[in-house]
Amino acid sequence: MRLNLPNFLRRQKIPDILLRRDEKKIMHISDTPDNIYVFLLNLIEKTKPDYIIHTGDLVDNIKLERRPELRERYEKSLIELLHILENSKAEVYIVPGNEDDVSILRKRTARSKIVPPGTIIEIEGVKLAVGHRYSDVAEINNVDFRLYGHNFRLIPKGINGVLRINFILLPSKRVVGIKYPDGTNFERGYRLMRGM
C-alpha cells in the first residue's frame, strides 16, 4: 500500500539500523492520538517490527476518562489503529491506559494480547515490565527494561513511549528512538515541551 503522506510525516528520518533485518525489533509506542496513525502505519511498513508494545491510551486525543460520551468516536478510531497494528506481521501487546475502554478494546481486538499494567513480558530472552504509568513499573526489579507512557517522567531502566517511539533491538538490547510527528503533543492535550 503506497501512502501519500503529509510533508511533516515525510521529514522524519528513519535510522538505517531500523531498516535492516540483522536483529529482531520491538517497537514501543504509547499515548497515540488518531492523527498520527498514518505515520505509524508508514513506520511499521518500513521498519517491519517483530513485536509491537503499546502502553496505553490508544486514542489519546479522546479523553474517555473525562468525556465518556465520546465512546463511539473512540471505538471508530480504535478500530483504525487495531487494523494497522494487527495487519502487521508483528506480535502485538497492549496495556490499557486510563483513557481506554477495556470492554471496547476486548471486543475489537482480534489477535493482540491485552495485558494488565505491571505485567512482565519475556521476548527473545529479554524481560520487559510494561505499564501505562511509570508507577506501574517503577518498583519492578529483575527486568531488562521498564516500558510505560502517560507522562514525561523518566525512571532508571525506563523507556517512556510518550517522549518518542522506541525500538529495542534484539539480541543487542540497543534502544533506538524516533521522534513523533510535530504537533503530536498538542493532539495529546499536552503543551509543547522544549527539547522533545
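For segment 100-114, name all the residues that are more than 14 Å from the chain's Cα centre (by Cα) and surrounded by 16 or more Cβ atoms within 10 Å (Cβ to Cβ).
Asp101, Ile104, Leu105, Arg108, Thr109
Of all residues in segment 25-56, which are out of contact with any helix residue (DSSP H, G or I) (no Cβ under 8 Å at 6 or more places or on another chain) and of a type outside the set (A, V, I, L, M, F, W, C)?
Quick first cut of segment 25-56, residues out of contact with any helix residue (DSSP H, G or I) (no Cβ under 8 Å at 6 or more places or on another chain) only: 26, 28, 30, 43, 45, 48-51, 53, 55-56.
Correct list: His28, Ser30, Glu45, Lys48, Pro49, Asp50, Tyr51, Thr55, Gly56.
Considering Ile155, Ile140, Ile159, which residue is surrounded by 14 or more Cβ atoms within 10 Å (Cβ to Cβ) and in contact with a His (Cβ under 8 Å, 6 or more places away or on another chain)? Please lay out each step first, then the result.
Details: Ile155 fails: in contact with a His (Cβ under 8 Å, 6 or more places away or on another chain); Ile140 fails: in contact with a His (Cβ under 8 Å, 6 or more places away or on another chain).
Only one candidate passes the filter, namely Ile159.
For segment 32-48, name all the residues that are open to solvent by 10 Å² or more (accessible area, probe 1.4 Å) and assigned to a loop (DSSP other than H, G, I, E, B).
Of everything in segment 32-48, just one residue is open to solvent by 10 Å² or more (accessible area, probe 1.4 Å) and assigned to a loop (DSSP other than H, G, I, E, B), namely Lys48.
Please state which of the following conditions Ile29 fails to meet, knowing it meets all the rest: (1) touching a residue at least 60 places away in the same chain (Cβ under 8 Å); (2) surrounded by fewer than 18 Cβ atoms within 10 Å (Cβ to Cβ).
(2)
Scan segment 77-112 residue by residue and report those that are closer than 17 Å to Leu43 by Cβ, touching a residue at least 24 places away in the same chain (Cβ under 8 Å) and not in a strand (DSSP E or B).
Once the filter is applied, which keeps residues that are closer than 17 Å to Leu43 by Cβ, touching a residue at least 24 places away in the same chain (Cβ under 8 Å) and not in a strand (DSSP E or B), segment 77-112 yields Glu80, Leu81, Leu82, Ile84, Leu85, Glu86, Ser88, Lys89, Ala90.
Among (1) surrounded by fewer than 17 Cβ atoms within 10 Å (Cβ to Cβ); (2) among the charged types (D, E, K, R); (3) under 23 Å from Val115 (Cβ atoms); (4) at pLDDT below 90, which single condition is Arg10 missing?
Checking Arg10 against (1) surrounded by fewer than 17 Cβ atoms within 10 Å (Cβ to Cβ); (2) among the charged types (D, E, K, R); (3) under 23 Å from Val115 (Cβ atoms); (4) at pLDDT below 90, the one that fails is (3).
With the requirement that a residue be part of a strand (DSSP E or B) and either open to solvent by 10 Å² or more (accessible area, probe 1.4 Å) or at positive phi (or both), what does segment 122-134 give you?
Quick first cut of segment 122-134, residues part of a strand (DSSP E or B) only: 122-123, 126-130.
If the condition is that a residue be part of a strand (DSSP E or B) and either open to solvent by 10 Å² or more (accessible area, probe 1.4 Å) or at positive phi (or both), then Glu122, Lys127 are the ones that fit.
What are the residues in segment 63-97 that are loosely packed, with under 15 Cβ neighbours inside 10 Å and of a type in the set (S, T, N, Q), if any?
Hit for segment 63-97 is Asn87, nothing else.
Under 7 Å between Cβ atoms, at least 6 apart or on separate chains: pull out the pairs that start in segment 162-184 with a residue that is assigned to a loop (DSSP other than H, G, I, E, B) and end on any residue that is open to solvent by less than 10 Å² (accessible area, probe 1.4 Å) and among the β-branched types (Val, Ile, Thr).
That search, which allows pairs on different chains as well, returns Arg164/Ile178; Lys173/Val126; Tyr180/Ile36; Tyr180/Ile165; Pro181/Ile36.
Residue check: is Leu85 closer than 27 Å to Ile123 by Cα, at pLDDT 95 or above and in contact with a helix residue (DSSP H, G or I) (Cβ under 6 Å, 6 or more places away or on another chain)? Give the derivation first.
Details: closer than 27 Å to Ile123 by Cα: yes; at pLDDT 95 or above: yes; in contact with a helix residue (DSSP H, G or I) (Cβ under 6 Å, 6 or more places away or on another chain): no.
The answer is no for Leu85.
Going through segment 142-161 one residue at a time, which ones are assigned to a strand (DSSP E or B) and of a type in the set (Phe, Trp, Tyr)? Write out each step before concluding.
Start the filter on segment 142-161 by keeping residues that are assigned to a strand (DSSP E or B), which leaves 145-148, 158-160.
Result: Phe145, Tyr148.
The values are calculated or read from the model by the stated rules, or taken from the named source; none is laboratory data. Predicted model, so just to flag it, every value in this text is computed and none were measured. Cβ atoms come from the backbone with ideal geometry, glycine included; neighbour counts cover every protein chain shown. What goes into the accessible areas is simple: the full protein's heavy atoms, side chains included, and nothing from ligands, DNA or RNA. Shrake-Rupley method; radii C 1.70, N 1.55, O 1.52, S 1.80 Å.
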